[in-house]
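The values are calculated or read from the model by the stated rules, or taken from the named source; none is laboratory data. Everything quoted here is computed from the prediction, not taken from an experiment. A quick note on method: Cβ atoms are made from the backbone with ideal geometry, for glycine too, and the neighbour counts reach across all protein chains shown. Remember, those area values only see protein heavy atoms, side chains included, never the ligands or the DNA or RNA. Shrake-Rupley method; radii C 1.70, N 1.55, O 1.52, S 1.80 Å.
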Amino acid sequence: MNTHRNIAQDTGPKTFLSCSFNQDYGCFAVSHDSGFRVYSSDPLELRVDRRFQDGGIGISQMLYRTNYLALVGGGHNPKYSQNKVIIWDDLKHRPAISLEFLSSILNVLLSRTRIVVVLKNKVHVYAFSSPPSQIAAYETADNPHGIAALAGSHLAFPSRTPGQIQIVNLEDNLVSIVRAHKSAIRCLALNNNGTILASASDTGTIIRLHTTSNTAFLHEFRRGLDRAEVYSMAFSNSSRRLAILSDKNTLHVFDTSSAVANRRHLLSKVPLLPSYFSSEWSFVSARVAGHRGVVGWSAEDSIIVVWTSDKCKWEKYDIVERESSPSGNEEEREAPRWELVREAWRSFEGFD
């Protein structure tokens, strides 16, 4: 279905700076060079439109569907200093909390009890209180993309050694190290209760899953053979599926429950062959068109993609089962076939 109509009227073109989903993917916040907006994910509806006369917002992170958001200035004329986090009370239309640092803020994550601020070489954890009190600070390797994930009682971010990940249990501040990859961490995702961590390196070919309780290795998936930049990863709310978006213009979905649905090479059961032949590939994928996007889930079979560069737009993809061909062999007829279908898309008016 093509619902190709504009979704917000505005007085002039704006620069789309960033997008982030809230903790259950029910809404997402869009930052631009004169404010921020909040949309419901599906159906897509504009919920909040805040425009500032004195500057732009580079980062906006929601706290579930409450009236609190974390804001960081951005754009050509930032509203706030880019080394300052503002906890914005949208009910009162004013800042409630302010935190200032010595370097630029690259990411902010919120829970009901914590404020996590990510800098290039450090992660700060504060109690969500007024005034906020610092609980801990952790050194990291260079983290120019502000990579971090927060869910349940666990926080994950790159360690000081490239390819390794620190997992912090926020209940007791215990730190574990996961030796996940050989090259630097590029993307992390936690399931909604924070028990499973997915990671990708800047090579982008392999996705690995670990438990956060004891760092045990769970699974390895192959995204592809060629080097890729993984833009975004997201678990479905049941944790049974993992969506991955990369610069190879592909959207992949993996089965994380038992991995029985994922595709394997025909020679996967032949011993002594290279690991490539035993790799698990996504059980469904689709070609997509966009540059730099963020993924979320609106249902177990529905993925939302928000593209943040070039032609900024919202897309919805549905996972549907396809009937097997009656002319195929017995194995082909019995195996479920899946498709990832773009069900709807809408452009964002008012953005360059």
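Volume per residue of the convex hull around the Cα atoms, evaluated for the chain, comes out as 134 Å³. Ligands, DNA and RNA left out, the 1.4 Å accessible surface of the chain is 47% carbon and sulfur atoms.
Cα convex hull of region 137-254: mean projected area in nm², to one decimal?
Mean projected area of the Cα convex hull: 6.6 nm².
Length gained on full extension, Arg287 to Glu171: 37.6 nm, using 0.36 nm per residue less the C-alpha separation.
The Arg179 and Ser258 beta-carbon pair, evaluated with R₀ = 35 Å, returns a calculated FRET efficiency of approximately 0.90. Within the assembled protein chains, the solvent-accessible surface assigned to Met233 is about 20 Å², based on a 1.4 Å probe. Solvent exposure of Trp281, expressed as accessible area, is near 50 Å², computed with a probe of 1.4 Å over the protein chains only.
When all alpha carbon pairs of region 209-255 are counted in 10 Å bins from zero, the resulting P(r) reads 23, 51, 25, 1 %. For Val38, the solvent-accessible surface with a 1.4 Å probe is about 10 Å², rounded to the nearest 10. Note on region 122-185: along the principal axes its Cα atoms extend 40, 22, 16 Å, ordered by decreasing extent. Pairs spanning more than 31 Å between alpha-carbon atoms, out of Lys79/Lys182; Lys14/Lys92; Lys122/Lys311; Lys79/Lys313; Lys84/Lys182; Lys79/Lys248: Lys79/Lys182; Lys122/Lys311; Lys84/Lys182; Lys79/Lys248. When Lys311, Lys79 are compared by accessible area of protein heavy atoms, the largest-first order is Lys311, Lys79, using a 1.4 Å probe. Largest mean-square fluctuation among Leu188, Leu225, Leu155, in a Gaussian network model of the chain whose springs join Cα atoms under 10 Å apart, belongs to Leu225. As a calculated quantity, the FRET efficiency between Arg51 and Ser98 at R0 = 30 Å, using C-beta atoms, amounts to about 0.90. Value of Rg to Rh for region 26-117, rounded to two decimals, is 0.95; Kirkwood radius and Rg both from alpha-carbon coordinates. Under 5 Å from the amide H of Ala136 lie the amide H atoms of Val125, each residue being 5 or more positions distant or on a separate chain, with H modelled from the backbone and absent for Pro and chain starts. Ordered from largest to smallest accessible area (heavy atoms of protein chains, 1.4 Å probe), the residues Tyr138, Tyr64 come out as Tyr64, Tyr138.
Using 0.36 nm per residue, how much length does the chain from Thr161 to Ala127 gain when fully extended, once their Cα-Cα distance is taken away?
9.5 nm
For the pair Asn214 and Asn249, label points projected 7 Å from Cα toward Cβ lie 4.6 nm apart.
Helical content alone sets the calculated 222 nm signal of the chain at -500 deg cm²/dmol, taking -39,500 (n - 2.57) per DSSP H segment of four or more residues and averaging over every residue.
Specify the longest stretch of the chain that does not include any exposed loop site, a site being one of the GluC sites (Glu not before Pro) with a non-H, G, I, E, B DSSP assignment and at most 10 other Cβ atoms within 10 Å. Present the calculation step by step, with values, prior to reporting the outcome.
On the way: sites that count: Glu171, Glu323.
Result, exposed sites excluded: 1-170.
Heavy-atom accessible area, probed at 1.4 angstrom with all protein chains present, ranks Arg179, Arg51 as Arg179, Arg51, highest first. Take the chain with all the other protein chains still there, run a 1.4 Å probe, and you get 46 Å² of accessible area per residue.
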